[in-house]
1. When residues of region 29-58 are filtered for being touching a residue at least 12 places away in the same chain (Cβ under 8 Å) and on the phi > 0 side of the Ramachandran plot, how many remain?
2. Looking only at residues in region 70-111 that are assigned to a loop (DSSP other than H, G, I, E, B) and touching a Lys or Arg at 6+ places or on another chain (Cβ under 6 Å), which one is modelled with the lowest pLDDT?
3. Residues of region 8-54 being exposed (fewer than 11 other Cβ atoms within 10 Å of the Cβ) and among the polar types (S, T, N, Q), which ones?
4. What are the pairs, 6+ residues apart or on separate chains, where a residue within region 67-95 that is over 30 Å from Asn22 (Cβ atoms) has its Cβ under 6 Å from a residue that is β-branched (Val, Ile, Thr) and open to solvent by 60 Å² or more (accessible area, probe 1.4 Å)?
5. For region 1-27, enumerate the residues that are within 14 Å of the chain's Cα centre (by Cα) and either outside any loop (DSSP other than H, G, I, E, B) or basic (Lys, Arg) (or both).
6. Pairs, please: C-beta under 8 Å, at least 6 apart or cross-chain, first residue within 9 Å of Ala47 (Cα to Cα) and β-branched (Val, Ile, Thr) and in region 14-28, second in a strand (DSSP E or B) and open to solvent by less than 90 Å² (accessible area, probe 1.4 Å)?
7. Just to check your reading of the model, which residue among Arg30, Arg67, Arg41, Arg37 is among the basic types (Lys, Arg) and at pLDDT below 80?
Amino acid sequence: WDNADFSRGVGTTFYQEFHTLNTAKPPFVRDVEAKIRRYLRSSYSAAWTLKITWEKAPAYGAQTDTRKTNTYQAILTTDGFKSYVLMLYQEGGMQWDYTRLPATNVLIGYT
């Protein structure tokens, strides 16, 4: 989530927290659980989930170009024993012009 620049008033960051231990789970949390079960082929029941959205985020150095933005999400979830992160990107991928970023070794995701 490095190199996003909100200093020019372009773009928004927001989050939504879901406490689901011993409560009914909203469709969003059930979808997260289903993805983890499918990707990891294991049982999973979320006790807590956090959805963070960066919407129309311009790249660092936005003083020069705020037209090319990127929308992405990080979903953090845990059952109290294991924790997972899902990284979701807007259809079409990264819109930032990575050749104009201070560091050109851009990575979508994490290592």
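1. Residues meeting the conditions: 1.
2. If we filter region 70-111 for residues that are assigned to a loop (DSSP other than H, G, I, E, B), which is where we start, we get 79-82, 90-97, 101-111.
Pick out the ones that are also touching a Lys or Arg at 6+ places or on another chain (Cβ under 6 Å) and you get 95-97.
On the way: Gln95: 76, Trp96: 75, Asp97: 69.
Taking the candidates together, the pick is Asp97.
3. Within region 8-54, Asn22, Thr23, Ser42, Ser43 qualify.
4. Met94/Ile108
5. Ala4, Thr12, Thr13, Phe14, Tyr15, Gln16, Glu17
6. Sorted first by the residue in region 14-28, then by its partner, the pairs are Thr20/Trp48; Thr20/Thr49.
7. Numbers: Arg30 fails: at pLDDT below 80; Arg41 fails: at pLDDT below 80; Arg37 fails: at pLDDT below 80.
Just one listed residue meets the conditions, Arg67.
The values are calculated or read from the model by the stated rules, or taken from the named source; none is laboratory data. Note that the structure is predicted; figures quoted are calculated from it, not measured. Every residue, glycine as well, gets a Cβ built from its backbone with ideal geometry; the counts of neighbours run over all protein chains shown. Accessible surface is based on the protein model in full, side chains and every heavy atom, while ligands, DNA and RNA are left aside. Shrake-Rupley method; radii C 1.70, N 1.55, O 1.52, S 1.80 Å.
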